[in-house]
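What follows is calculated from the coordinates using simple rules that are stated; it is not laboratory data. Note that the coordinates shown come from a computational prediction; the quantities given were computed from them, not determined experimentally. Here the Cβ positions follow ideal geometry from the backbone for every residue, glycine too, while neighbour counts run over all protein chains shown.
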Amino acid sequence: MILITGATGGIGRLVVEQLAAGGAPVRAVSRSPEKAVLPDGVEIVQGDPARPDTMAAHFDGVESVFLHARTFGDSADRLLALAVERGASRVVALSAMNIDDPFDLQPSRWRGDRNKEAEEAAVASGLAWTSLRAASFAGNTAQAWGAQIRAGDVVRYVHARFRESVLDERDLAEVAARALLTDELVGRRLELTGPQSLSHEEMVAVIAAALGRPLRFEERTPEAAAQHLVDNGLPEPWAHALMARYARYVGGEQHPVTGEVDKILGRPARTYADWVADHLAAFRNG
Ligand SMILES: NC(=O)c1ccc[n+]([C@@H]2O[C@H](COP(=O)([O-])OP(=O)(O)OC[C@H]3O[C@@H](n4cnc5c(N)ncnc54)[C@H](OP(=O)(O)O)[C@@H]3O)[C@@H](O)[C@H]2O)c1
């Protein structure tokens with residue numbers, strides 16, 4: 001049995017689908033299981049990883065645990081101690097490539113994400129561990145630009161030339177499944193990127209080509225971009241940490257392509273163009 005925390009979210013759901021498609025037995029954890037829509041055959045249980053007492057019984061019969069960094073609050077060590085007590089043997093931590101950066105350059109910490117703690121708890125757990133140090137997700141671009149592109153032809157955003165090698169979430173889920181099912185990736189901190197480094201402006205050009213209409217990138221100052229994010233409901237410290245992260249890496253390269261996905265999966269990583277082609281509705285008007 002494989003236990004998945006964060007199972008109803010963007011990444012957890014893909015990991016569940018990947019495992020279930022291969023016939024692996026999956027126990028999906030949700031705080032609100034009545035709302036969870038997951039593949040047939042997946043066992044859905046109520047639990048909150050931030051309250052390990054709600055989780056203990058769920059580890060019975062579990063071999064591998066997917067530890068999602070948004071779910072456990074300050075309880076990662078206790079949670080994995082319970083997994084060990086109940087007989088688990090493997091843990092795969094969802095983490096991030098930026099975890100060694102100062103915390104004020106990690107916007108996700110302001111959302112409660114504990115990517116560093118996820119990896120550290122996995123390593124210290126005594127379980128056979130793998131850490132998935134993911135680069136920025138391709139889906140972030142839909143959140144950042146989707147509304148503007150649905151509404152018009154101009155993308156106003158910061159740093160046209162900021163480059164990164166965004167990761168297709170489906171590749172991350174496939175690597176996670178490999179790590180949960182086999183011992184091939186035990187003891188590794190996997191730096192997972194997409195196959196190409198693209199600037200913000202180049203990514204917008206990829207979207208334009210897929211939509212078949214011109215899009216223009218118009219550079220905003222970091223101050224204006226941060227204010228725009230705050231006006232749209234994002235926490236101020238999160239917006240400032242994002243701008244600080246951009247300022248730290250602009251002119252260089254945030255996370256150069258590692259090629260790790262290709263090596264692990266034995267096929268080329270999905271490109272950003274692949275991701276856009278499969279998520280066109282995020283950018284298409286009507
Ligand atoms: N975006 C990026 O570029 C990037 C890059 C690298 C790493 N990451 C990391 O990836 C993670 C985000 O993954 P995701 O997109 O799958 O997240 P998500 O869609 O928000 O899913 C998280 C799931 O966890 C459960 N959950 C339990 N406690 C929660 C809490 N206190 N707050 C929010 N959700 C909680 C929720 O399920 P229930 O409500 O059903 O319990 C939710 O469906 C973060 O840790 C982030 O730091 C992101």
(message) Give me the extension gain from Arg213 to Arg189: residue separation times 0.36 nm, minus the current Cα-Cα distance, reported in nm with one decimal.
(response) 4.6 nm
(message) At R0 = 25 Å, how high is the FRET efficiency between Thr221 and Leu280 if r is their beta carbon distance? Nearest 0.05 is fine.
(response) 0.25
(request) Identify, among Ala205, Thr258, Ala142, the residue whose Cα sits farthest towards the positive end of the charge dipole of segment 117-264, taking +1 on the Cβ of Lys and Arg and -1 on the Cβ of Asp and Glu, with the dipole about the Cα centre. (result) Ala205
(message) For a test of the definition: using alpha carbon positions, the gyration tensor, and the 1.5 limit on a/c, classify segment 195-267 as rounded, prolate or oblate.
(response) oblate
(request) With only Lys, Arg, Asp and Glu charged, each at its Cβ (+1 for the first two, -1 for the last two), find how big the charge dipole of segment 1-58 is about the Cα centre; round to the nearest 20 debye. (result) 120
(request) Give, as a single signed number, the net charge of other residues whose beta carbon lies under 13 Å from the beta carbon of Glu120, with Lys and Arg counted +1 and Asp and Glu -1. (result) -1
(message) Give me the net charge for the shell around Gly61: Cβ to Cβ below 11 angstrom, other residues only, Lys and Arg +1, Asp and Glu -1.
(response) -1
(request) Determine the calculated [θ] at 222 nm for the chain from helices alone, applying -39500 (n - 2.57) to every DSSP H run no shorter than 4 residues and normalising by the residue count; nearest 500 deg cm²/dmol. (result) -11000 deg cm²/dmol
(request) Grab the other residues whose beta carbon is less than 13 angstrom from that of Leu172, score K and R as +1, D and E as -1, and report the net. (result) -2
(message) With a 10 Å cut-off between alpha carbons and a GNM built on the chain, which of Leu172, Leu211, Leu127 moves the most?
(response) Leu211
(message) Once you keep just the Cα pairs under 8 angstrom separated by 6 or more residues, what percentage relative contact order results for segment 76-218?
(response) 27
(message) Run the simple label-point estimate for Val230 and Ala273 please: 7 Å along Cα→C-beta, distance reported in nm.
(response) 4.0
(request) Run the quick spin-label model on Asp77 and Glu43: label points 7 Å from Cα toward the beta carbon, then report their separation in nm to one decimal. (result) 2.9
(request) Find which of Leu229, Leu215, Gly87 sits farthest along the positive direction of the dipole of the chain, computed with +1 on the beta-carbon of Lys and Arg, -1 on that of Asp and Glu, about the Cα centre. (result) Leu215
(message) Taking a virtual spin label 7 Å from the Cα of Asn140 along the C-beta vector, which residues in segment 182-213 bring their backbone nitrogen under 16 Å of it?
(response) 191-204
